[in-house]
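The values are calculated or read from the model by the stated rules, or taken from the named source; none is laboratory data. Since we're looking at a predicted model, the values are computed, not measured. Please note: Cβ atoms are built from the backbone with ideal geometry, for glycine as well, and neighbour counts cover all protein chains shown. All accessible areas refer to the heavy atoms of the entire protein, side chains included, with ligands and DNA or RNA removed. Shrake-Rupley method; radii C 1.70, N 1.55, O 1.52, S 1.80 Å.
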Amino acid sequence: MLDLQNFPWLTFVILFPVAMSLLIPFVPDQGDGKTIRWYALVVGLINFTAIVYAFCTGYDFAKPDLQLVESYTWVPQLGLNWSVGADGLSMPLILLTGFISTLAILASWPVTLKPRLFYFLMLAMYGGQIGVFAVQDMLLFFFMWELELIPVYLLLSIWGGKKRLYAATKFILYTAGGSLFILIAALAMAFYGDNVTFDMRSLAIKDYPLTFQLFAYGGFLIAYGVKLPIFPLHTWLPDAHGEATAPVHMLLAGILLKMGGYAILRMNAGMLPDAHAYFAPILVILGIVNIIYAALTSFAQRSLKRKIAYSSISHMGFVLIGIGSFTDLGTSGAILQMISHGLIGASLFFLVGATYDRTHTLILDEMGGIGQKMPKIFAMFTACSLASLALPGMSGFVAEVMVFVGFATSDAYSNTFKLVTVILAAVGVILTPIYLLSMLREIFYGAENKELTSHEELVDAEPREVFIIACLLIPIIGIGLYPKLITQVYDATAQSLVVTLRNSVPRLAKEANPTLGFNSLELKSAPRITVLE
Amino acid sequence: MDFAYQYAWLVAVLPLSAAFIIGTGLITFNKSTNKLRKPISILSVSAIGAAMIIAFGILWSQIQGHEPYLWTFEWASAGDFHLSMGIVIDQLTALMLVIVTTVSFLVQIYTDGYMAHDPSYPRFYAYLSLFSFSMLGLVVSPNIVQIYIFWELVGMCSYLLIGFWYDRKGAADACQKAFVVNRVGDFGLLLGILGLYWATGSFEFEQIGIQLNTLVESGAISSFLAGFLAILVFLGPAAKSAQFPLHVWLPDAMEGPTPISALIHAATMVAAGVFLVARMFPVFEHLPFVMNAIAWTGAFTAFLGATIAITQNDIKKGLAYSTISQLGYMVMAMGVGAYSAGIFHLMTHAYFKAMMFLGSGSVIHGMEEVVGHNPFVAQDMRVMGGLRKYMPITSVTFLIGTLAISGVPPFAGFWSKDEILASAFTANPALWFVGWLTAGLTAFYMFRMYFSTFEGEFKGTNAALIAQVKAENTPPGIVVEDHGHHAHKPHESPLSMTFPLMALAIPSILIGLVGTPFANYFEAFIHAPGEVVKAVSGFEMLHGEEMTEFLIMGGSSVGIGLVGISLAILMYLQGKISAKAIAKSIQPLYQFSKNKWYIDELYEATFVKGSRRLARQVLEVDSKVVDGAVNLAGFVTLLTGESLKYFENGKTQFYALVIFIGVLGLVIASSV
């Protein structure tokens, strides 16, 4: 009889899709991939159900520590342990991964080229991505991180667009180059001091000297900065995003970018807090550069996919500012921004793919006026663009406001620095609608583009596509209406992380909580208005 | 009446559920939903109708002196930070609820007639209901964050509705312009909210006001900084209420269907800015130079709008500039501290301006029968004239609106405008002078509009004139196919359109009487928080000085109004003075007004072109410098590595090197 209480859920959800992917060659199929895609979808659904089950039964919101922990010695000679667990940083991202990956499989319906290989890679990626977020062993993390690259490389280089090889090569060179820094920093940290360990929790409590921390932090930052991405390490992303097919796109934007933010929070901030005190202002400045620079670039882009790709870079800037804020609210906002962008980015890229399937062009100048033929796609595209430009009632708004308020009330920075940062970051609030609404206008509004409609058949969204977008919009709006739905999952962990960070800054350590500008004054209670009943 | 408070949340939620049902139907079963026209309009209208009944109940209870009501729940929290959302109902909210629900209810009835032939009729109702929800959510907000949320949502609805006819280029440009200009204002609003929270630790209006005042008095923050934050907040209302220099989006917003122009861009959403200033009054009132800035922004905008409205030929554009001008009055009232007068004018204006916009829609509807469905012709007043004969109800109601806005007693506009001007005079006679002059301009351009539309000869059958107007109005590159019925004379609109006109005529005539100086029930009901207002004990004559003051103030504004009206009669009714000759003699001024002070051109040349250029330059840097460096680095590594091998191994490697260089060159060439 299955013991559900002690069942190794996390190991299961990592290995199940990988194991099932290995069975794909034995799935009977006519050659058109129809059986395989159903097979992959069912595997994805089972795995997602398992994640949700584990989350509902074995995860307690109130605990800031790791839960669902499993640890097995794997290669004792190397000190390598199979050690997995989930805390508030991992759990929401694991849920997101399960959700987006399953939808990405559903979004792959039109893929007909080499379906066996395609779904094999998709399932392998599914497990690998969860692995990155769940493993608690540094060496294992590195392996997972590297393993992830191979499916992405192949998915890009076989199913990509015209410049797919260039894009795939650029992606692998960038990321592999970055990974080198992870390995160096991780090994250095593991071998520092008396006990050699790869266990993340043990690494976090080691007492490193400051110079060591700064070097390790810098190394990690380069590697994770490539992934997030941070200016100027971002140029692989528009190429990779510009060439990927829609489902791969959803994974890239929805999950892969979040690995960078996750790792910065887990390792840079969580393990090297003293260095974080020095690097945090740099993160904030880089965050602003990301927001404004990428928004302007996106505005000038004429290719739809590259436009959205740059918009992702711009949105990731808020993650950096939140991480650098030293407040509960800002950190919480950074995590929420990752989750929110995972959902919004995935939905936008899916819609870009759906539009491309019909128009067969990504150049905005060749589109125009297709709204009449495709009203449903138009409506969904508008909804997702509005979500992306942080319309209240949707998740992006909550995340950005949390970062804004968190940073504005941070006591770690001078008022001038905060003022300039907040003003510049708020410029992004003006720039985002400019490029997103121009994009909508150029695709859908205006008189019908006769040239396009003469040789392309523009059919409106099919139920499958409406279903995918509905699935993504429900959590986007749900979080937007009631953010506590998701923030409560990670609040405890985020708070304990912030305490660690604040303790590393002697000036802040005294104050248990972030203070407001003029906290010394007693707040007066609201007069006049009284509650009825 | 506690019963009404129990169900207060329904006021906003009822329209939302209507929007949700229609929207879901449209996205899932598009074809069958599009066929259910009647059920959809009935659903939408009854939702807002029920909300209206609750709103009236709440207003009644508030008039009876019921305690303000507050209901909140925790919305977001992180560590120490807690943010609540909920519902607050005080006098101001109760009044706004009634204004929004009544106008929305009548506009939704009107829509049934106006949009009868539109294939997207159900979508229009979905948007209308969504807007009603957002606007009602805005007015019940207990804190500034909730206001910001609904503020953006009404902006989104406005965006969707301006771009409703998305196949028109004008609509596509206008909706984007509206959203972006409003975002510029929201940029300030957001920063202001953040700054005030940083300084006071609160999102609640009165708390912010009290705290900020304490901080300024104790010297913890300079009054300059406090003022700066307040001005940032005011940028939001400036954009939403179309105040100079952020007014440019409102005239373009007339690209949307006319019911929208009436509901959103005249009666409710644009007044949200004034509403926010009223809510933030506890913050503003202690900062004199902020109040001054607000007052002068309002006064200047009132004047600017009126001077432009004088020369517009498009009936909706004329009304739009008139709206800008009237919003300027309200903002000026807030700036001089005349809280009650500002809200009073908001209310009277909401009714008479909504009626006039709906009237203009009725006119356009009639004109389309004759000249075809071409907005560039059907909305131009030069091809109208003499419509009074064909559209009696429309013309009478429009005349009532014209009299109301021109400040002719006893119509609604007189009382509210007079109160504003009187307060302005006490604060600063210069402000009063601008307002007074604008009142004259208003009377002139409104009667110009009325006479050219409804009096004289009907010119809609003059083919040569139509061709000329069409050539002048149609922007280059736009082709509008004329498809219409081409009847010989316009007809009165159906009852669904004339009923709202007649219903709105009643408040346009009478509602001013609740706020006469003789018995100012309105001020007794709505006044600034903390202000002491004497109770009204029925109609009483003013004594001595007060009476003289009222007579002088009222007399002077009626006087200049009459001058404006007489001029309009001479020029546009009797034709004794030639408008063309005057325009010619002051050609530069005429062009300046007709081209809207060239503000659009200025913005186009600076902000629009500037941001595009900057974006292109950044893209160049990104692809050439940042990405170029990456490609170059890759290239150099390969080159050095390969050339070293060449020296060791000879020929084979040399070929490989050539291939590598070739491939890389291709890659770089194709990527740049």
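Here are some notes:
- For the set A:227/B:624; B:177/B:240; B:417/B:459; A:162/B:177, the pairs lying more than 24 angstrom apart at their alpha carbons are B:417/B:459; A:162/B:177.
- Relative contact order for segment B:145-257, counting Cα pairs under 8 Å that sit 6 or more residues apart, in percent: 36 percent
- Calculated FRET efficiency for the pair residue A:477/residue B:289, C-beta based, R₀ 41 Å, to 0.05: 0.45
- Per-residue packing, averaged as other Cβ atoms within 10 Å, sorts the ranges B:623-631, B:587-595, A:335-343 into the order A:335-343, B:623-631, B:587-595, beginning with the highest.
- Those residues of segment A:441-458 for which accessible area with every protein chain present is at least 50 Å² below the isolated value (1.4 Å probe): A:441, A:445
- Nearest-0.05 FRET efficiency for residue A:56 and residue A:19, computed from C-beta distance (R0 22 Å): 0.40
- For segment B:1-147: rounded, prolate or oblate by the Cα gyration tensor [a/c cutoff 1.5]: oblate
- Per residue of peptide A:366-375, the mean number of Cβ atoms on other chains within 10 Å of the residue Cβ is 2.
- Among the protein heavy atoms of segment B:312-371, carbon and sulfur supply 28% of the accessible surface, probe 1.4 Å, non-protein parts ignored.
- Residues with amide H under 5 Å from that of residue A:199, placed H, sequence gap 5 or more: A:138
- Solvent-accessible area per residue for segment A:215-263 (1.4 angstrom probe, square angstrom): 12 Å²
- Normalised alpha carbon radius of gyration of segment B:571-614 [divisor 2.2 N^0.38 Å]: 1.81
- Computed [θ] at 222 nm, helices only, for the protein assembly as shown once each DSSP H run of length n ≥ 4 contributes -39500 (n - 2.57): -23000 deg cm²/dmol
- Rg and Dmax [Cα atoms of segment A:70-128; Å; Rg one decimal, Dmax integer]: 15.9, 47
- Accessible surface buried once B binds A (1.4 Å probe; total of both sides; Å²): 6900 Å²
- Residues in segment B:95-126 that a label on residue A:453 would reach, taking backbone N under 19 Å of a point 7 Å out along Cα→Cβ: B:118-121
- Distance between segment A:52-98 and segment B:176-206 - C-alpha centres, whole angstrom: 41 Å
- Mean Cα-pair separation over length for chain B, i.e. relative contact order, pairs under 8 Å, 6 or more apart, %: 11 percent
- Filter on A:163/A:305; A:258/A:305; B:489/B:576; B:38/B:489; A:114/A:450 - keep pairs with C-alpha separation over 24 Å: B:489/B:576; B:38/B:489; A:114/A:450
- Number of partner chain Cβ atoms within 10 Å, mean per residue of A:224-231: 0
- Averaging Cα coordinates gives a centre for segment B:232-283 and one for segment B:341-380; these two points are 18 Å apart.
- Separation in nanometres of the label points that stand 7 Å from Cα toward Cβ, at residue A:361 and residue B:632: 3.5 nm
- Å² per residue, accessible surface of segment B:273-407 at 1.4 Å: 17 Å²
- Cα-based shape type of the protein assembly as shown, given that a ≥ b ≥ c are square roots of the gyration tensor eigenvalues and the cut on a/c is 1.5: prolate
- Net charge, residue A:366 excluded, C-beta distance under 11 Å - Lys, Arg +1, Asp, Glu -1: -3
- Taking a ≥ b ≥ c as the square roots of the eigenvalues of the Cα gyration tensor, chain A is classed as oblate, since a/c reaches at least 1.5 and a/b does not exceed b/c.
- Carbon plus sulfur fraction of accessible area for segment A:1-109, probe 1.4 Å, in percent: 68 percent
- Shielding by other protein chains, A:236-246, mean Cβ within 10 Å: 1
- Segment A:250-280-segment A:160-198 distance, computed between alpha-carbon centres (Å): 14 Å
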